[in-house]
Amino acid sequence: MSDYKFKRVLLKLSGEALMGSKEFGIDPDVPQKIAEELKPAYDAGMQIAVVVGGGNIFRGLSGAAAGMDRAQGDNMGMLATVINSLALQDTFERNGMICRVMSAIEMHQVSETYIRRRAIRHLEKGRITIFAAGTGNPYFTTDTAAALRACEIGAEILMKATKVDGIYDSDPMKNPDAKKFDTITYMDVLNRDLHVMDATATALCHDNHMPIMVFNLDEDGIFDRALRGEHVGTIVVDE
């Protein structure tokens, strides 16, 4: 544990990341790779919380754009995150990591109901704790849920795994001259409209001095390196 810079972290995963090479749903190889990335830190006694999106199954905004009621679409999206959370739990446990799923929407047959003090106790006992169903409210993204839960459990950093290796001043997939930031402030993220996380999530982290680390989880060993304090990706901090 002494080799790690952080003791308690929250990892935010996108639902799309779970698709892997598929066009929909979950590629079993992806949760397995995530489990392998987290295992060394778990074995060392790190306290790890996870929030995963549901975009690989359903996205409320897409439903709203197609004419669906936004609140109804978001409720469906929150249920999609529960499916992803259960898939991650199954994979983590098959890799020897004790795991609990806590849902913001009550569904006692498949998960525990989110209670802040109980969540912290799970972490203290060394259980990976996955927070499902977003905040339990429509109109809030899983980015905002991740920021909220990170603040509630007293995480030392919010780590967001993306498809790119950090934050750029423009889309590196479209602009080969895009400039990567090693560090950037919350206000710069908001003012530049960089879409690291949605504005509500970024503002919540800013107000509560919650640093955000953005990195590409596809790089082997990057989660462990980040926890050891190596500079990977981009870090969002105060002024």
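Just so it is clear, none of the values below were taken in a lab; they were calculated from the coordinates. Fair warning: this is a prediction, and the values are worked out from it, not measured in the lab. Every residue, glycine among them, receives a Cβ derived from its backbone with ideal geometry; neighbour counts consider all protein chains shown.
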Mean-position separation - Cα centroids, the range 19-72 and the range 163-230, in angstrom: 18
Fraction of beta bridges assigned by DSSP in the range 8-237 that are antiparallel (%, nearest 5): 15
Paramagnetic label zone (point 7 Å from Cα along Cα-to-C-beta, residue 43; backbone N under 17 Å) in the range 1-33: 1-4, 32-33
HN-Hα J in Hz across the range 140-150 - Karplus 6.51, -1.76, 1.60, θ = phi - 60°, x for Gly and Pro: 10, 7, 6, 4, 5, 4, 5, 5, 4, 5, 4
6, 131 arranged by Cβ crowding within 10 Å, fewest neighbours leading: 6, 131
Rg/Rh ratio calculated on Cα atoms of the chain (Kirkwood radius): 0.94
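Using the 10 angstrom Cβ neighbour count as an exposure proxy, how do 4, 139 rank, fewest first?
Working: 4 17, 139 11.
Ranked by crowding around the Cβ, least crowded first: 139, 4.
To the nearest 500 deg cm²/dmol, what mean residue ellipticity at 222 nm is calculated for the chain from DSSP H runs of n ≥ 4 alone, each contributing -39,500 (n - 2.57), summed and divided by the residues?
Mean residue ellipticity at 222 nm (helix-derived): -11500 deg cm²/dmol.
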Cα-only radius of gyration and Dmax that characterise the range 122-239, units Å: 14.4, 46
Which of 195, 108, 122 has the fewest Cβ neighbours within 10 Å, and the rest in rising order: 108, 195, 122
Candidates 15, 136, 154: whichever shows maximal mean-square fluctuation once the chain is modelled as a Gaussian network with Cα springs under 10 Å: 154
